[in-house]
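Participant: Right, I'll just put the structure down here and ask away after.
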Amino acid sequence: MKVPDIKVTPPGPKAREIIERDRTYIATTTKSAPIVIKRASGSVVEDVDGNLLIDFSSGISVLNVGHAHPKVVEAIARQAAAFTHFAGTDFYYEIQTTLAERIGKITPGKHRKKVFFGNSGTEANEAAIKVAKSHTKRHMFLAFLGAFHGRTQGALSLTASKARQRAGFFPSMPGVVHVPYAYCYRCPYKLTYPSCDLYCANIIEDTYMKTVAPPEDVAAIFVEPVQGEGGYIVPPPGWMDRIANIAKDNNVLLIDDEVQTGFGRTGKMWAIEHSKAVPDILTMAKSMGGGVPIGAAVYPAEMDFPESGKHSNTFGGNPIAAAASLATLDVIEDEGLVARSAKLGDHMAKRLDEMKERYEFIGDRRGLGMMQAHEFVTDKRSGKPAPETRDKLDKLAYERGLILLPCGESTMRYIPALNIPRDLLDAGLDVLDDALKAVNRAR
Ligand SMILES: Cc1ncc(COP(=O)(O)O)c(C=O)c1O
């Protein structure tokens with residue numbers, strides 16, 4: 001099978017027709033490329049016009065085990081034949097309990113944990129907000145500029161990656177204070193690591209907590225260990241530990257949002273494991289269900305809601321999602337995908353670095369494991385963000401058979417499945433390189 005195989009430049013006639021109907025009936029969201037899927041397997045997507053494309057977007061970091069992994073498909077089918085739903089918040093079924101036990105074991109910290117199941121990242125973070133408020137009896141949160149924690153009104157109050165996401169939706173949850181993230185490529189303080197001594201972390205304790213965020217009123221610091229939607233920003237070594245220490249020293253909880261970074265994406269099971277920090281609450285979703293919606297907030301048992309009825313939902317921990325999630329965890333373990341992500345991620349980083357050197361319009365390459373990105377600029381010297389160059393690349397890539405996904409202001413993320421065959425990964429990187437050449441020619 002030849003992959004990629006472009007028979008008609010996407011969007012082909014069938015795709016165009018569906019996109020037209022989609023525009024008529026589907027709510028306006030965040031569509032970025034006109035790819036209409038017919039079926040997919042592993043890292044290859046077939047579109048409705050018969051094109052075969054390599055997927056470097058993984059359904060927004062959902063398909064760490066690839067599309068339609070046979071073990072996940074089998075688990076879904078087996079569970080669907082047994083029972084599809086029973087409302088795990090109000091009744092009982094073992095598969096949900098088994099998943100919670102397993103999640104407790106694979107998350108940082110040896111203490112006994114409790115799991116609240118939802119269906120998405122935003123719901124996982126809503127649960128974390130509620131657990132933190134209920135446990136601490138405080139209502140303030142510290143979060144970071146550039147953060148993305150979801151779009152429901154509570155989580156949206158923590159999100160700060162694009163003004164558009166919040167505009168028109170105020171007032172938001174009171175008591176959220178945003179501080180600059182550790183974005184070394186564009187240091188908000190114009191300092192340089194390591195001589196900065198992590199000024200961007202220290203300032204939380206030295207200034208914010210002494211002025212606008214009194215720690216006795218702060219329930220938690222909400223953090224992505226690598227910013228995702230905000231632009232794939234990797235903090236420098238020591239930053240996460242410093243943040244964790246500031247939280248601990250000031251008796252404030254640390255909430256680790258692993259919705260995008262979890263399940264091996266960064267070369268560790270959880271991105272926070274690149275540091276020594278142990279979060280109080282960890283949230284997850286996306287890759288958790290291998291393509292089926294499920295999310296969770298995990299926290300120490302003693303932080304659990306004090307009585308029945310404080311928080312609940314209908315679908316959280318749905319049996320089909322729980323089955324898919326257990327199968328996904330099996331695949332991650334059996335195929336050694338965490339170690340593979342670290343290893344293939346190094347290979348990706350090397351090739352992406354070569355591309356960065358070659359092109360004046362790539363300002364930065366950054367990432368951990370198979371969570372990689374390029375940031376696009378008008379020129380290396382000015383470092384001025386160039387979203388139009390990034391968007392041009394997006395188009396030139398899918399026209400050549402590579403599916404990409406933008407993030408941040410002018411960043412392109414590269415997030416293939418962790419089990420993508422090495423030759424297919426290289427084929428995808430070749431297409432990327434070819435598309436970059438075309439971007440260069442068109443400048
Ligand atoms: C770090 C992070 N948190 C939360 C969310 C929200 O997840 P969902 O879209 O499933 O609500 C996302 C989604 O991109 C995310 O990247």
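Participant: Test of understanding: in a Gaussian network model of the chain with alpha carbons linked when under 10 Å, which of Thr192, Thr97, Thr29 would top the mean-square fluctuation ranking?
Facilitator: Result: Thr29 has the largest fluctuation of those listed.
Participant: Please report how far the C-alpha centroid of region 328-381 lies from that of region 266-326, rounded to the nearest whole angstrom.
Facilitator: Region 328-381 and region 266-326 have Cα centres separated by 26 Å.
Participant: Between Gly295 and residues 5 or more places away or on another chain, which pairs have amide H atoms under 5 Å apart, with H built 1.01 Å from N, and which residues are they?
Facilitator: Under 5 Å from the amide H of Gly295: Gly118, Asn119, Ser120, Gly317.
Participant: Which aspartates and glutamates have a Cα less than 19 Å from the Cα of Lys137, not counting those fewer than 8 places away in the same chain?
Facilitator: Candidates past the 8-residue exclusion: Glu126, Glu216, Asp217, Asp249, Asp280, Glu302, Asp304, Glu307.
Participant: Oh, and also: Amide H neighbours of Ala219 under 5 Å, at least 5 residues apart or on other chains, H built in the peptide plane: list them.
Facilitator: Excluding prolines and chain starts, which carry no amide H, the hits are His139, Met140, Phe141.
Participant: Here is the link list: Lys113/Lys276; Lys162/Lys384; Lys7/Lys71; Lys110/Lys133; Lys2/Lys392. Which ones come out longer than 21 Å on Cα distance?
Facilitator: Exceeds cut-off: Lys7/Lys71; Lys110/Lys133; Lys2/Lys392.
Participant: Starting at the first residue of region 347-357, write each ³J(HN,Hα) from the Karplus equation 6.51 cos²θ - 1.76 cosθ + 1.60 with θ = phi - 60°, in whole Hz, x for Gly and Pro.
Facilitator: Result, ordered by residue: 5, 4, 4, 4, 5, 5, 5, 4, 5, 4, 5 Hz.
Participant: Further, regarding this structure: Let me see the P(r) profile for the chain: every Cα-Cα distance counted, bins of 20 Å, each bin given as a percent of all pairs.
Facilitator: Taking every Cα pair in the chain, the percentages come to 25, 58, 16, 0.
Participant: Calculate, in nm to one decimal, what Lys210 and Asp353 gain on full extension: separation in residues at 0.36 nm each, minus their alpha carbon distance.
Facilitator: 47.4 nm
Participant: Ok, one more. I need to check one value: relative contact order of region 121-284, counting alpha carbon pairs closer than 8 Å and at least 6 residues apart, in percent.
Facilitator: 25
Participant: If you average the C-alpha positions of region 401-443 and of region 19-76 separately, how far apart do those two centres end up, in angstrom?
Facilitator: 16
Participant: Which residue fluctuates the most in the chain, going by a Gaussian network model with Cα springs under 10 Å, if the choices are Arg164, Arg390, Arg242?
Facilitator: Of Arg164, Arg390, Arg242, the Gaussian network model singles out Arg164 as fluctuating most.
Participant: Still on this model: What is the calculated FRET efficiency for Asp426 to Arg16, with r their C-beta to C-beta distance and R₀ = 25 Å, to the nearest 0.05?
Facilitator: Plugging the Cβ-Cβ distance into 1/(1 + (r/R0)^6) gives 0.20.
Participant: Residue farthest toward the positive end of the dipole of the chain, with Cβ of Lys/Arg at +1 and Asp/Glu at -1: which of His374, Ala296, Ala271?
Facilitator: His374
Participant: Work out how far the C-alpha atoms of region 181-262 reach from end to end along every principal axis, then list the three figures in whole Å, largest first.
Facilitator: 33, 30, 19
Participant: Roughly what % antiparallel, to the nearest 5, for the DSSP beta bridges in region 121-284?
Facilitator: Of those bridges, close to 5 percent are antiparallel.
Participant: Further question: Just by accessible area at a 1.4 angstrom probe, what is the order of Thr152, Thr159, Thr28 from largest to smallest?
Facilitator: Highest to lowest solvent-accessible surface, that is Thr28, Thr152, Thr159.
Participant: Determine ³J(HN,Hα), in whole Hz, for all residues of region 409-424 in sequence, where each value follows from phi through the Karplus function 6.51 cos²θ - 1.76 cosθ + 1.60 and θ = phi - 60°; x replaces Gly and Pro.
Facilitator: Result, ordered by residue: 7, 8, 10, 10, 8, 10, 9, x, 4, 6, 10, 4, x, 4, 5, 6 Hz.
Participant: Okay, which of region 289-325 sit inside 16 Å, backbone N to the point 7 Å along the Cα-Cβ direction of Lys137?
Facilitator: Counting only backbone N, you get 303-307.
Participant: So, one more: Given N residues in region 121-284, what is its alpha carbon radius of gyration divided by 2.2 N^0.38 Å?
Facilitator: 0.95
Participant: Taking R0 as 22 Å, what FRET efficiency do you get between Met1 and Asp334 from their Cβ-Cβ distance, rounded to the nearest 0.05?
Facilitator: E(calc), rounded to 0.05, equals 0.35.
Participant: Quick one: with all protein chains in place, what share of the accessible area of region 253-352 is carbon or sulfur, to the nearest percent (1.4 Å probe)?
Facilitator: 50
Participant: Using a Gaussian network model of the chain whose springs link C-alpha atoms within less than 10 Å, name the residue from Asp423, Asp47, Asp379 with the highest mean-square fluctuation.
Facilitator: Answer for the Gaussian network model of the chain: Asp423.
The values are calculated or read from the model by the stated rules, or taken from the named source; none is laboratory data. Everything quoted here is computed from the prediction, not taken from an experiment. Note that each Cβ is placed from the backbone with ideal geometry, even for glycine, and that neighbours are counted across all protein chains shown. Ligands, DNA and RNA are stripped out before the accessible areas are found, and what is left, the full protein with its side chains, is counted by its heavy atoms. Shrake-Rupley method; radii C 1.70, N 1.55, O 1.52, S 1.80 Å.
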